[in-house]
Structures are given as structure tokens and as C-alpha cells.
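This report concerns only the one structure given below.
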């Protein structure tokens, strides 16, 4: 078998590890390192950063040719809808309150499935809003502002 | 305070109405989660973590642990009926379970795996009850250097044993360490990696990391998929579940062997149910008189792995509770839960919280019995569950994740962190990097630093303390051996491939 081509995911991953490790060492180095006897705040993080660099290099040395799982297509619709749902919750919950946030998160994430009829999605979102309010707000007593 | 006082107290706590309810809730939920492919144990436990903050720690652990071993019971259901593993530790059950379904023996397969799981659980928890207290007594003599070495061993074992890409795992552990260090350094009061924001001073929320890393990529992978079982619920009657005498004869030895394999791998830090089930299957195949039957519906091929993964789960609590060394990501979460409640797992745990320890052990027993009762008549319910289209679950899970993460600190920052770790989780999976080591590094990072600091203080800055103290030296020796062995194995396999 001839020399296998370098594995792109491995290269990217190892490269990212090394770069990130370097930046950690730089940032942590600005914290006081201290001595072995009196470890400063930067000591352990620098060690961790060095570990990242070392292991990143090890990947390149030892695992360059490991066969990787077949990459399936990127689920864009899922990423946008579910990510968007979480973002909407984050933005709405502090501005408009719990109920709008939950409803919007439920509705937007329902859109992840291409074939979900809109009406059903609205019903599900409403049911979920009532349900989570019942479970978290009432049964567990967590304090949420329903509407701001 | 006699030795049996704690046991008695534990019994009383475990049989209290509240404990029983949480146990039932946990195992039922776990069973459902295990049955449903696409909803993971780790994500479920992470989603319920914020709720457990409001519970008594004993109840929290009873419920979360119930989810864990309940899922191990349920995971085989989807494997057998759909050829789709409900949990990773049940993946190997597909190989012989699904052929059995095709042969019309689904009921038998389900019953045998339930019984195998029960036996495995029982033996596992007996081992837990017998071994944990003496081990904790020995470990009471441990101090910072031993803890540090043991944690290193746990981390190294977890990353190097469990996958064929150990260095990727080590990168992820290091990354987890870094994230774990974000926040104020307790010893010096210096904020680290906070970049000026006040939100990060307390560190990154465990729930955000766990759910972002595991939960989000999981939903993403499964959103939009459709699963339809070919089996109707009414096809599985109680009578059809009865195995023949031949089946019993063939099953009891595999169950025994599987239980043993599982107990071994559960005790070892770094390995757990999944490896145990694979090893048990391999052992059965090697020991069988006619290995060609495997893959075509051999009952040994489902009995042994299921016994193994349940016994591994129970015994995995031994290193977690006695030494504070989590064997896998889920145990790391349990550790996180305990720490939030200010309970420090480790040798002190059994000494200081004896009643709680026994309450947990007894509730494991109760939970196993409950699962046996639930699974046999309710199999038809589980089958019907499998027909729920995933599209109804996605919004529910998303909302639970949002509310759960937000409820911990009422900070939108946690949600942004959730998304951040979701990106990392997805990128890691796409690049072939294992995720569990990151969570392990995240949970253990601050503890590692603390113990290193203390050990060096004890030795006045002298690094040789780790080798001077015998236990620590042995453990470090094991670490080194492990690393060397992994490298040698890698080099050999690379050479063989040429």
C-alpha cells in the first residue's frame, strides 16, 4: 500500500490544538507563574496549554492516517433552526419574559423538520409553553417572569 | 455508632416515599430515554441537573443514577426491535437481537435481556456494597499526591483505553482542563480567562458544557429523521416472550460471564458499560462451541453484553464514590452534582455520609426490581413509544435545554456558552475527536490543580513527592505503562498497515 495522503480532519484538528495551546500559553503566561512551591494563577493553565501543543503534535505524528468516519452532509436546516431557537430564547427571555421566549424557541425549533405542518407547530409550541410553565414555574417553583 | 446503624438509616431513607418516588421517576425516565434512539443518557442527565439542584442530594443521586441504569435496561429494546441502538452500550445487542426479531423471537430476546440486565445489576451492586467501604477505608490514607496521581490515571485511562484515537482524546482532555480553569482562581483571587466580563467569574456552567457538547449535536443529528418499527405492539404477547428451556440453558453461563466482565470494566476507572458490552460479546464468541451462530440470533450474543453493561454501571460507582475518580463522562456529571451540593466524593464520603451511601446502594436494588417489573408487562408501551416521530421531540428537548441552562444562573451568557460548546461539539465530531474526555477534563481540571498545589506545598516544591509516596508511585507507574503500551500498539498497527 502506498503512502496514504494526509488526513485533512486530523491536520485541521491538530493545527487548531497547537494554535489554541499557543494562545493559552501566551494568555496564561501573563498571569503570575509563581514557583513550584507557590504556584501562581498562571502555572497550571500554562501546563494545560503546553499539553495541548504537545498532544496536537502527537496527533500529527501518530494519528495522521487514522481512517475517519464518513462525513455526512452538514444539517444546515437543523443548525439554523435549533441554534436560532436557542438564540431567540436568550434574547427574548430577558427582554420580553419567559412565555414569549419558550414559545419562540419551541416554534422555531419545530421548523427544523421540513415536513412539520405550521399549524401543528403552533399547537405544539403552545402546549410546550404551558407545560414548561407548569413544570418549572409551578411544580418546581422556579422564579420566572412570565411577561416583562 | 455501630457499623450497621448507617445501613439501617440508609434503608429507612431509601424506602421513604420521596426516595421511592424519585427512584421510580428516574428509572422510568431512564428506561424511556434508553428505548428512544436519539435521546442520550448524558443529555437527559444534564437536562435534569438544574432541577436536581433544588433537591436533597440523596434524592438527586437516586434519580440521576436511576436514569443511568434504567437507560441501560431500555437501550436494548430499540437495538432488538429496530436494529438501532438506544444507548451506546446496547449497540452490540443489535448484532444478535435484531436477527432474533426477524425470526419472530423478539419477545424472547426482550425478556432475556431484561433478566440478564437484572442479574448484572444485582451482582454489580453487591460488589459496590462489599467493596466500596473497605476501599474507602484504605483510601482514607490518601492525600493530595495520591489524588493527583489517581486523577491523572483516570484521565489517561479514560482517553487512551476507550478509543483508537488516544491523542485526539488527550487534546480534548487538555481543552477541557483549560475550560475548567475559567473563572476566579480560588487560591490567589486572580480571574483567569474571563477577558473582563463578570459573568465568567464563577466559571463556565457545567450544564452548559454538557448539554452544548452532547445534547445539541445529538438533536442536530437526529432532527428530521423518521423511524418506523416493523413490529406492531400487539405482536408481542406475554406468552410469546417465554423462552424455551434450550434458551435458558444457553443463557445462564453467558449472563454469568457477562456480569464478571462488566464488573471488571466498571471498577476500572476510564472504562464503562460500552467497552464492557463489547468485550463480553467478544468473549462469548471466542468461548462458544459454534461461533458461526453469532450475528444470526444467538441468544448468548445478547444475554452476555446486557448483563455486562448493567453490572459495569453499578460497579462504576465504586471508584466514583470512594476515590472521587469518575470512570466516564456520566460519572463526571454525577461528581459535578455532588460537588454542587457541597458533598465531596472521595474516601471521606462514606465515612461522613454513611447513611447516604447506603441509601443510594439500597435504592439501586429497589430500582433494579422496579425495572424488572416495569419492563416485562410494559414492553408493548415501549414499542408504541418508538413510533413517536422525532419531530415532536425536537422542540420539547430544545425548550428543556434552554430552560434548564438558563435556570441555573438566570444569565443569558450561559445560553451563549451553550451555543459555543455546541459548535465545539459539532466540530469535534466532524473532525473525529471524542467528546467525553473534554467533559472529564472540565470536571477534573480544578481538582487536579488543587491537588497539585497541595502536594507541592506538602513537599515544599519538590516534585519527587509523587514518586516517594508508594501508592502515588505505583499509580504513576501505571500511567506511564499505559501511555507506553498505547504508543507501542499504535506503532505496531501503523507498521502492520504498511
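The values are calculated or read from the model by the stated rules, or taken from the named source; none is laboratory data. The structure presented is a predicted model; accordingly, all values stated were derived computationally and were not measured. Here the Cβ is made from the backbone with ideal geometry for all residues, glycine too, and neighbour counts use every protein chain on show.
Among residues that are surrounded by 15 or more Cβ atoms within 10 Å (Cβ to Cβ), assigned to a helix (DSSP H, G or I), at pLDDT below 80 and facing chain B (nearest Cβ under 7 Å), residue A:136 is included.
Of the residues making up region A:112-128, not one is closer than 21 Å to residue B:405 by Cβ and more than 8 Å from chain B (Cβ to nearest Cβ). Could you tell me how many of the residues in region A:28-48 are in a helix (DSSP H, G or I) and more than 7 Å from every other protein chain (Cβ to nearest Cβ)? Within region A:28-48, residues that are in a helix (DSSP H, G or I) and more than 7 Å from every other protein chain (Cβ to nearest Cβ) number 5.
Applying the set (1) over 21 Å from the mean Cα position of the chain (by Cα); (2) within 13 Å of residue B:124 (Cβ to Cβ) to residue B:265 leaves exactly one unmet item: (1). Checked against (1) under 14 Å from residue B:359 (Cβ atoms); (2) surrounded by fewer than 19 Cβ atoms within 10 Å (Cβ to Cβ), residue B:26 meets all criteria but (2). Scanning region B:403-416 for residues that are under 16 Å from residue B:47 (Cβ atoms) and either within 24 Å of the chain's Cα centre (by Cα) or within 7 Å of another protein chain (Cβ to nearest Cβ) (or both) yields a count of 7.
With under 15 Å from the mean Cα position of the chain (by Cα) and at negative phi as the only criterion, which of B:61, B:127 stands out?
On the way: B:127 fails: under 15 Å from the mean Cα position of the chain (by Cα).
Among B:61, B:127, only B:61 is under 15 Å from the mean Cα position of the chain (by Cα) and at negative phi.
Mind checking whether some residue in region A:95-110 is exposed (fewer than 15 other Cβ atoms within 10 Å of the Cβ), in contact (Cβ under 8 Å) with a residue 24 or more places away in the chain and either assigned to a helix (DSSP H, G or I) or facing chain B (nearest Cβ under 9 Å) (or both)? Within region A:95-110 (the criterion being exposed (fewer than 15 other Cβ atoms within 10 Å of the Cβ), in contact (Cβ under 8 Å) with a residue 24 or more places away in the chain and either assigned to a helix (DSSP H, G or I) or facing chain B (nearest Cβ under 9 Å) (or both)), the answer is yes, since at least one residue qualifies. Screening region A:50-64 for residues that are surrounded by 15 or more Cβ atoms within 10 Å (Cβ to Cβ) and more than 7 Å from chain B (Cβ to nearest Cβ) and picking the one that is modelled with the lowest pLDDT gives A:64. When B:186, B:178, B:190 are screened for being farther than 24 Å from residue B:335 by Cα and either more than 20 Å from the chain's Cα centre (by Cα) or at pLDDT below 80 (or both), only B:190 passes.
Counting only helices (runs of 4 or more DSSP H) that sit completely within region B:343-431, those holding 2 or more residues that are within 30 Å of residue B:139 (Cα to Cα) correspond to B:347-352, B:354-375. Among the residues of region B:372-390, those identified as crowded, with 22+ Cβ neighbours inside 10 Å and either facing chain A (nearest Cβ under 8 Å) or modelled with pLDDT under 80 (or both) are B:379, B:382, B:383.
The criterion of at least 1 residues that are in contact (Cβ under 8 Å) with a residue 12 or more places away in the chain and out of contact with any helix residue (DSSP H, G or I) (no Cβ under 9 Å at 6 or more places or on another chain) is met, among helices (runs of 4 or more DSSP H) falling completely within region B:24-116, by B:93-102. Residues in region B:156-205 that are part of a helix (DSSP H, G or I), more than 13 Å from every other protein chain (Cβ to nearest Cβ) and closer than 20 Å to residue A:29 by Cα: B:200, B:201. One residue stands out among those in region B:465-493 that are over 24 Å from residue A:58 (Cα atoms) and either touching a helix residue (DSSP H, G or I) at 6+ places or on another chain (Cβ under 7 Å) or modelled with pLDDT under 80 (or both): the one that is farthest from the other protein chains (Cβ to nearest Cβ), which is B:471.
I need a count of the residues in region B:306-342 that are outside any helix (DSSP H, G or I), at negative phi and either over 12 Å from the mean Cα position of the chain (by Cα) or surrounded by fewer than 24 Cβ atoms within 10 Å (Cβ to Cβ) (or both). Full working, then the answer.
Filtering region B:306-342 down to residues outside any helix (DSSP H, G or I) leaves B:316, B:324-328, B:341-342.
Okay, now just the ones that are also at negative phi, so B:316, B:325-328, B:341.
Now restrict to residues that are either over 12 Å from the mean Cα position of the chain (by Cα) or surrounded by fewer than 24 Cβ atoms within 10 Å (Cβ to Cβ) (or both): B:325, B:341.
Result for region B:306-342: 2.
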